[in-house]
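Q: Sharing a structure below in structure tokens format, with a few things to ask.
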Amino acid sequence: MNFLRELGIKERNYGASTGTDWLETTDQGELAVVSPVDGKKIASVYLASQQDYDRVADSGEVAFKQWRTVPAPKRGEIVRQIGLELRKHKDALGSLVSYEMGKSLQEGKGEVQEMIDVCDFAVGQSRQLYGSTMTSEREQHRMYDQYHPLGLVGIISAFNFPVAVWSWNAMIAAVCGDTSLWKPSSKTPLTAIAVQNILAAVSKANRLPEGLFNLIIGRGSAVGEVLLNDQRVPLVSITGSTKVGRHAAQIIAKRFGKSILELGGNNAIILTPQADLQKALPAIVFGAVGTAGQRCTSTRRLIIHESIYDQVKASLVKAYGGLKIGDPLDEQNHVGPLIDRQAVNDYSAALKSAEQQGGTIISGNQVLEGKGYESGCYVVPALVEAENHYPIVQEETFAPILYLIRYSGAVETAIELHNGVVQGLSSAIFTENLQEAETFLSAAGSDCGLANVNIGTSGAEIGGAFGGEKETGGGRESGSDAWKAYMRRQTNTINYGKTLPLAQGIKFDI
């Protein structure tokens with residue numbers, strides 16, 4: 001495939017890089033990467049060793065000592081150039097994202113565009129790493145806070161956004177003066193290798209220090225656990241399941257490290273009687289079936305007022321009946337495959353549990369076979385009538401399953417159902433009623449990190465801080481003031497007078 005050649009993906013690839021050089025370890029096993037699109041092997045990756053990990057971590061630590069002294073706007077200039085390189089390879093990298101992960105080609109290219117947008121955002125941010133000046137209670141004193149680079153930042157990314165979430169972290173960290181060490185999902189390592197090749201071109205052209213952007217692909221025992229325990233890595237950003245995040249956070253906290261956790265979501269949309277259904281329907285369907293339901297912001301629950309329930313149900317059944325399922329590289333298709341057959345098993349098991357717990361499947365519940373579906377990873381998106389308290393509804397199933405939940409009464413009843421799960425990532429309400437909208441956004445409303453009115457749960461912009469509450473982990477990435485997580489905060493006081501007054505009026509004469 002031409003896009004593989006353009007991105008430097010070979011039949012066999014190395015699994016560790018210091019940003020400019022690849023470590024040529026070949027004795028730790030070989031990871032075959034198979035596309036969920038057609039079940040064919042794309043390429044393979046030689047897994048890295050623990051010695052490789054130590055090499056790239058040392059490289060990142062050494063590079064940090066140089067990179068932190070570079071003025072932030074000049075660091076931003078490097079990120080600007082990375083954005084330009086991503087623009088050159090947008091079509092190729094977007095195609096690889098689609099083929100390796102299984103999301104539609106539009107979404108694959110959109111993910112690369114998100115990387116480009118993050119680069120643009122980070123360039124502007126490089127001139128706005130601001131602190132605040134506070135009024136001192138002491139005469140002839142100035143007090144202010146400032147932010148300094150933190151160090152080597154670990155980035156553990158998930159398969160569903162194999163490159164965009166890395167960029168949220170790495171580009172912001174870079175302008176903050178940090179180096180980074182990326183451990184991508186073992187399900188989508190080739191996109192990471194492609195990005196590393198793009199970064200290498202910029203690094204070499206600017207004679208950047210080795211170790212600015214590091215990559216490690218290896219087994220959890222040889223690489224993942226070492227990263228979590230590594231004192232050289234003061235901050236680790238983790239995108240994954242709640243189970244993975246809980247394990248990682250405990251290890252990192254034991255060594256007094258910092259973590260940014262982007263974990264599970266069980267996102268809901270509320271439809272009140274005042275909803276504009278023409279506006280709501282496309283948001284619901286995209287939120288539920290986009291990326292085959294494998295976004296952390298995917299719409300999983302639809303809480304519908306009883307007065308419009310039957311109308312909404314009929315509209316969704318009709319819309320789902322028109323979905324085109326197939327090769328995501330064909331832009332005529334709406335839904336591609338799940339990431340692997342285990343995900344298909346999870347889809348089937350969830351639907352079986354929903355029925356056993358009292359739910360009714362009104363659409364979907366089919367694994368597709370035959371021509372065009374040889375990988376065994378294609379399923380029909382499902383609609384299920386359910387109740388919020390069902391154990392399966394309380395879980396996050398990474399598959400295109402949408403639970404339809406009926407409510408009656410005021411919007412407060414819907415909000416209570418909405419908040420009645422342990423996850424707290426993304427949320428939305430559709431209503432033309434100002435009071436309902438403001439109630440949803442109030443302290444008594446949505447308990448999620450993202451709360452939207454008249455748009456869906458999926459597709460957050462990079463300019464806002466992204467993240468959630470409760471078992472979603474509480475982390476924030478990308479926009480707004482999320483950059484502060486990648487820096488250490490320092491409060492400074494300067495005495496420019498000729499005496500030494502103490503705070504709180506304390507007297508100490510000697």
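Q: Using a 1.4 Å probe, how large is the accessible area of Ser458, given in Å² and rounded to the nearest 10?
A: Around 20 Å² of this residue is reachable by solvent.
Q: Carbon and sulfur: what percent of the chain's accessible surface (1.4 Å probe)?
A: Values: 10330 of 21430 Å².
Percent of accessible area from carbon and sulfur atoms in the chain: 48.
Q: Hey, what's the Cα Rg ratio for segment 1-150 versus the globular rule of thumb, 2.2 N^0.38 Å? Walk me through the intermediate numbers first.
A: On the way: Rg = 21.1 Å, N = 150, 2.2 N^0.38 = 14.8 Å.
With N residues counted in segment 1-150, Rg over 2.2 N^0.38 Å equals 1.43.
Q: By how many nm would the segment from Ile510 to Lys74 grow when fully extended, if each residue of separation counts as 0.36 nm and the alpha-carbon distance is taken off?
A: Values: separation 436, 0.36 × 436 = 156.96 nm, distance 4.88 nm.
Once the chain is fully extended between Ile510 and Lys74, it gains 152.1 nm.
Q: If every alpha-carbon in segment 149-197 counts as one equal scatterer, what log10 I(q)/I(0) does Debye give at q = 0.29 1/Å?
A: Evaluating at q = 0.29 Å⁻¹ gives log10 I(q)/I(0) of -1.08.
Q: Separate question: Non-local amide H neighbours of Val153 (under 5 Å, H modeled in plane, Pro and chain starts lacking H): which ones?
A: Sorted by chain and number, the residues that satisfy this are Thr179, Ser180, Leu181.
Q: Ok, one more. Provide the FRET efficiency to the nearest 0.05 for the Glu225-Ala349 pair, computing r from the beta carbons and using R0 = 25 Å. Before the final figure, lay out each step's value.
A: Details: r = 28 Å, r/R0 = 1.14.
That gives a FRET efficiency of 0.30.
Q: Sequence gap of 8 or more, or different chains, plus Cα separation below 29 Å: how many lysine pairs satisfy both in segment 207-365?
A: Taking segment 207-365 as the scope, the lysine pair count is 10.
Q: For Gly264, which sequence-distant residues (separation of 5 or more, or a different chain) have an amide H within less than 5 Å of its own amide H, given hydrogens modelled in the peptide plane?
A: Thr242
Q: Let me ask something else. Want the number for Tyr130 to Asp54: 0.36 nm per residue separation, take away the alpha-carbon distance, what's left? Please report the intermediate quantities before stating the final value.
A: Details: separation 76, 0.36 × 76 = 27.36 nm, distance 3.38 nm.
Between Tyr130 and Asp54, full extension yields an extra 24.0 nm.
Q: Here's something else I'd like to know. Report the trypsin sites (Lys or Arg not before Pro) located in segment 227-272 that are in a DSSP loop and have at most 16 other Cβ atoms inside 10 Å of their Cβ, or state none.
A: Details: sites: Arg232, Lys243, Arg246, Lys254, Arg255, Lys258; in loops: Arg232, Arg255.
Of the trypsin sites (Lys or Arg not before Pro), the ones in loops of segment 227-272 whose Cβ has at most 16 other Cβ atoms within 10 Å are Arg232, Arg255.
Q: Once the cut-off is 15 Å, how many percent of the Cα-Cα pairs in segment 237-337 end up in the long-distance tail? Working shown, then result.
A: Numbers: 3526 of 5050 pairs.
So the pairs more than 15 Å apart make up 70 percent of the total in segment 237-337.
Q: Let me ask something else. Evaluate the charge dipole of the chain about its Cα centre and quote only its size in Debye, nearest 20, assuming +1 on the Cβ of each Lys and Arg and -1 on the Cβ of each Asp and Glu.
A: Details: 48 positive and 55 negative charges, 279 e Å.
It works out to roughly 1340 debye.
Q: Answer rounded, prolate or oblate for the chain, using the Cα gyration tensor with square roots of eigenvalues a ≥ b ≥ c: rounded when a/c is under 1.5, else prolate when a/b is larger than b/c, else oblate.
A: oblate
Q: Could I ask something else about it? Kindly report the accessible area of the chain per residue (heavy atoms of protein chains, probe 1.4 Å, no ligands, DNA or RNA), in Å².
A: 42 Å²
Q: Using amide H atoms built 1.01 Å from N in the peptide plane, name the residues 5+ places from Glu469, or on other chains, whose amide H lies under 5 Å from its own.
A: Gly424, Leu425, Gly449, Gly474
Q: Ordering Phe213, Phe3 from largest to smallest accessible area (1.4 angstrom probe), what's the sequence?
A: On the way: Phe213 10, Phe3 30 Å².
Descending order: Phe3, Phe213.
Q: R0 = 41 Å: FRET efficiency of Gln66 with Ala503, Cβ-based, nearest 0.05? Don't skip to the end; give the middle numbers.
A: On the way: r = 37 Å, r/R0 = 0.91.
After rounding, the FRET efficiency stands at 0.65.
Q: For the modelled label position 7 Å from the Cα of Val317 along Cα-to-Cβ, which residues of segment 337-378 have backbone nitrogen atoms closer than 18 Å?
A: The answer is 355, 359-366.
Q: Report the FRET efficiency, 1/(1 + (r/R0)^6), for Gln394 and Tyr496, where r is their Cβ-Cβ distance and R0 is 45 Å, rounded to 0.05.
A: Numbers: r = 59 Å, r/R0 = 1.32.
Calculated transfer efficiency: 0.15.
The values are calculated or read from the model by the stated rules, or taken from the named source; none is laboratory data. Not measured: the values here are computed from a predicted model. Note that we place each Cβ from the backbone using ideal geometry, even for glycine, and neighbour counts take in every protein chain shown. In case anyone asks, the SASA skips ligands and DNA or RNA and just uses the protein heavy atoms, side chains included. Shrake-Rupley method; radii C 1.70, N 1.55, O 1.52, S 1.80 Å.
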